[in-house]
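Below is one structure, written out as structure tokens; comments come after it.
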Amino acid sequence: MSDIRHRPRSEQLYEEAQRHIVGGVNSPSRSFKAVGGGAPVFMARGQGAYFWDVDGNRYIDYLAAYGPIILGHAHPHVTEAICKAAADGTLYGTPTAHENVFASMLKEAIPSLDKVRFVNSGTEAVMTTIRVARAYTGRDKIIKFAGCYHGHSDLVLVAAGSGPSTLGIPDSAGIPVSIAHEVITVPFNDLAALELALDRWGSETAAVMVEPIVGNFGMVMPEPGFLEGLCRMARAHGALVIYDEVITGFRFHFGAAQTFAGGGFPDFAAIEPDLTALGKIIGGGLPIGAYGGRRDIMERVAPLGPAYQAGTMAGNPASIRAGIACLKTLRQPGVYAKLDALASRLEAGLAEGARRHGVPLTINRIGGALSTHFCDHPIRSYEDAQRADGDRFARFFRLMLEQGICLAPSKYEAWFLTIAHTEADVDETIAAADRAFAAMAQA
Ligand code: PMP
């Protein structure tokens with residue numbers, strides 16, 4: 001068992017980073033601000049389910065880079081694909097045969113994708129689905145759900161106003177109020193609120209955008225009938241339905257949430273979105289995004305149509321070849337069953353430990369992903385997640401980190417299993433959590 005209280009090299013690097021890089025990090029979610037501050041851990045190397053930091057400490061990784069690293073770090077198939085791509089030249093500015101292979105793999109797994117486009121991030125993918133939906137419908141407004149994160153483009157960094165049916169307010173400085181007014185935010189799993197919003201703004205609404213299974217305020221399933229009602233109501237008002245599957249794509253099975261049928265899960269496959277955004281896992285750890293959907297909608301995109309979207313790096317051979325290698329590996333039999341079994345073992349161990357020490361903990365698990373909220377109420381909406389105890393999470397996060405278990409530094413983020421994790425890793429994690437719960441119970 002590691003004892004990682006002191007990380008002098010990380011602290012020194014953080015000091016230095018803050019002189020050069022804003023906040024010392026290249027994405028705010030990497031800072032430890034939400035868990036009490038201080039130096040984030042600077043990692044030196046990842047292999048399989050493990051990280052080693054710059055001070056030489058080893059960690060079991062449940063961050064998985066916020067989702068993409070489903071095969072574990074430096075999986076040999078992905079590494080080989082990247083090395084080959086590098087040897088062949090990393091960027092051409094021309095089409096390549098690899099893009100066709102990859103597009104048809106995605107289409108086969110997610111049949112609603114008549115046509116796709118590759119971009120460089122989930123943010124770009126989502127941003128473009130919105131533009132395309134607006135181009136197609138000739139309308140400007142978007143309805144989204146509170147707590148769902150859709151990247152950092154202006155339109156989706158907008159929070160709800162004070163009531164359930166008010167126009168949005170910017171969630172970030174630098175977003176014009178006029179843009180925020182094009183966005184309506186309603187609570188997840190709340191069809192009545194959606195109906196209210198559509199009654200008022202339905203004729204101006206280009207699209208209803210949703211994470212069909214939420215990954216951004218914990219892992220949260222839609223309640224039975226929610227997605228079906230959402231699709232029906234949106235379409236009744238002539239609005240498109242956009243699924244943001246940046247997290248959920250290839251996370252729970254070889255496909256997306258929209259193709260997720262059986263296995264005890266609701267029959268998502270009965271309803272199809274008009275447009276879908278993808279990212280994370282489909283790049284095998286390299287930068288990527290993709291969007292796609294119905295042919296007549298996608299054909300509004302340049303060069304066929306008037307909606308412009310482009311990218312110097314889009315469809316670059318390295319990301320595409322890494323993505324192909326990743327998906328081929330995920331397609332092998334038993335992969336998702338393994339992720340499910342590992343996460344189930346972890347869930348049971350965490351729940352048992354928390355119960356034994358009297359620590360209130362709500363665990364939501366879907367396949368190989370789970371979330372832990374320190375509270376005794378269920379987590380079905382962002383409001384539920386906001387009410388979970390952030391200070392307790394921060395304590396738990398640090399107690400786990402000191403024992404070599406790496407979680408995301410936020411009470412809202414999920415834990416992701418990879419195919420590189422073993423039962424022994426999970427058991428080590430459960431033992432560490434048990435000690436953490438014991439310490440928390442005493443405090
Ligand atoms: N959509 C969802 C559901 C996400 O979780 C994220 C990132 N966490 C994004 C979009 C944005 O993706 P990216 O960070 O690649 O821009």
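The residue that is farthest from the ligand (Cβ to nearest atom), counting only those in the range 271-286 that are within 17 Å of the chain's Cα centre (by Cα) and part of a loop (DSSP other than H, G, I, E, B), is 284. Quick check on residue 174: is it modelled with pLDDT of 95 or more and either over 23 Å from residue 229 (Cα atoms) or over 24 Å from the mean Cα position of the chain (by Cα) (or both)? Answer is no for this residue. Would a scan of the range 309-316 turn up a residue that is away from the ligand (no atom under 16 Å from the Cβ) and out of contact with any Phe, Trp or Tyr (no Cβ under 7 Å at 6 or more places or on another chain)? Within the range 309-316, one or more residues are away from the ligand (no atom under 16 Å from the Cβ) and out of contact with any Phe, Trp or Tyr (no Cβ under 7 Å at 6 or more places or on another chain).
Return yes when residue 46 is more than 26 Å from the chain's Cα centre (by Cα), closer than 27 Å to residue 284 by Cβ and touching a residue at least 12 places away in the same chain (Cβ under 8 Å) and no when it is not. Criteria not met by residue 46.
Listed residues 5, 45; which is over 24 Å from residue 396 (Cβ atoms), among the basic types (Lys, Arg) and surrounded by fewer than 17 Cβ atoms within 10 Å (Cβ to Cβ)? None of the other options fit; the residue is 45.
Put simply, of 132, 158 the only residue that is at pLDDT below 95, buried (at least 23 other Cβ atoms within 10 Å of the Cβ) and away from the ligand (no atom under 13 Å from the Cβ) is 158.
Residues in the range 64-101 that are crowded, with 21+ Cβ neighbours inside 10 Å and within 16 Å of the ligand (Cβ to nearest atom): 64, 67, 68, 69, 70. Within the range 19-39, residues that are in the same structural domain as residue 391 (by TED's automatic domain parsing) and more than 21 Å from residue 152 (Cβ to Cβ) sit with their Cβ atoms under 6 Å from residues that are assigned to a loop (DSSP other than H, G, I, E, B) and more than 16 Å from the ligand (Cβ to nearest atom), at 6+ positions apart or across chains, in these pairs: 38/32.
The rows are residues; the columns are (1) of a type in the set (Val, Ile, Thr); (2) touching a residue at least 40 places away in the same chain (Cβ under 8 Å); (3) in contact with a strand residue (DSSP E or B) (Cβ under 8 Å, 6 or more places away or on another chain); (4) under 30 Å from residue 371 (Cβ atoms).
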site	(1), (2), (3), (4)
58	no, yes, yes, yes
70	yes, yes, yes, yes
73	no, yes, yes, yes
86	no, yes, no, no
104	no, no, no, no
112	no, yes, yes, yes
120	no, yes, yes, yes
135	no, yes, yes, no
142	yes, yes, yes, yes
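The residue that is farthest from residue 415 (Cα to Cα), counting only those in the range 35-56 that are β-branched (Val, Ile, Thr) and touching a strand residue (DSSP E or B) at 6+ places or on another chain (Cβ under 7 Å), is 54.
Among residues of the range 241-262 that are touching a residue at least 12 places away in the same chain (Cβ under 8 Å), those with a Cβ under 6 angstrom from a residue that is hydroxyl-bearing (Ser, Thr, Tyr) and assigned to a loop (DSSP other than H, G, I, E, B), sequence gap 6+ or separate chain, pair up as 256/248; 257/248. When residues in the range 79-133 are screened for being in contact with a Leu (Cβ under 6 Å, 6 or more places away or on another chain) and hydroxyl-bearing (Ser, Thr, Tyr), 1 of them pass.
Do the conditions hold for residue 436, that is, is it assigned to a loop (DSSP other than H, G, I, E, B) and either buried (at least 21 other Cβ atoms within 10 Å of the Cβ) or not assigned by TED's automatic domain parsing to the domain that holds residue 31 (or both)? So residue 436 does not fit the description; no. A single entry from 402, 428, 423 fulfils the requirement of being among the acidic types (Asp, Glu) and within 21 Å of residue 42 (Cα to Cα): 402. Of the listed requirements (1) in a helix (DSSP H, G or I); (2) more than 16 Å from the ligand (Cβ to nearest atom); (3) farther than 30 Å from residue 255 by Cβ, residue 52 misses just one: (1).
Looking at the range 55-150, the strands (runs of 3 or more DSSP E) lying wholly inside it that each contain 3 or more residues that are hydrophobic (A, V, I, L, M, F, W, C) sit at 115-119, 141-145.
Annotation: residue 174 fulfils all but one of (1) assigned to a helix (DSSP H, G or I); (2) out of contact with any strand residue (DSSP E or B) (no Cβ under 9 Å at 6 or more places or on another chain); (3) more than 28 Å from residue 362 (Cβ to Cβ); the unmet one is (1). Scanning the range 112-129 for residues being farther than 29 Å from residue 332 by Cβ and buried (at least 21 other Cβ atoms within 10 Å of the Cβ) gives a total of 5.
Would you confirm, using the coordinates I've provided, whether residue 409 is part of a loop (DSSP other than H, G, I, E, B), outside the structural domain of residue 146 (by TED's automatic domain parsing) and in contact with an Asp or Glu (Cβ under 6 Å, 6 or more places away or on another chain)? Considered against the rule, which asks whether it is part of a loop (DSSP other than H, G, I, E, B), outside the structural domain of residue 146 (by TED's automatic domain parsing) and in contact with an Asp or Glu (Cβ under 6 Å, 6 or more places away or on another chain), residue 409 comes out as no. Could you check the range 177-265 for strands (runs of 3 or more DSSP E) lying wholly inside it with 3 or more residues that are modelled with pLDDT of 95 or more and either farther than 17 Å from residue 149 by Cα or within 16 Å of the ligand (Cβ to nearest atom) (or both)? Correct list: 205-210, 240-244. Among the candidates 109, 146, the residue that is within 15 Å of the ligand (Cβ to nearest atom) and surrounded by fewer than 20 Cβ atoms within 10 Å (Cβ to Cβ) is uniquely 146.
The values are calculated or read from the model by the stated rules, or taken from the named source; none is laboratory data. Every value quoted in this text rests on a predicted model; they were computed, and no experiment measured them. We place every Cβ from the backbone using ideal geometry, glycine too, and count neighbours over all the protein chains shown.
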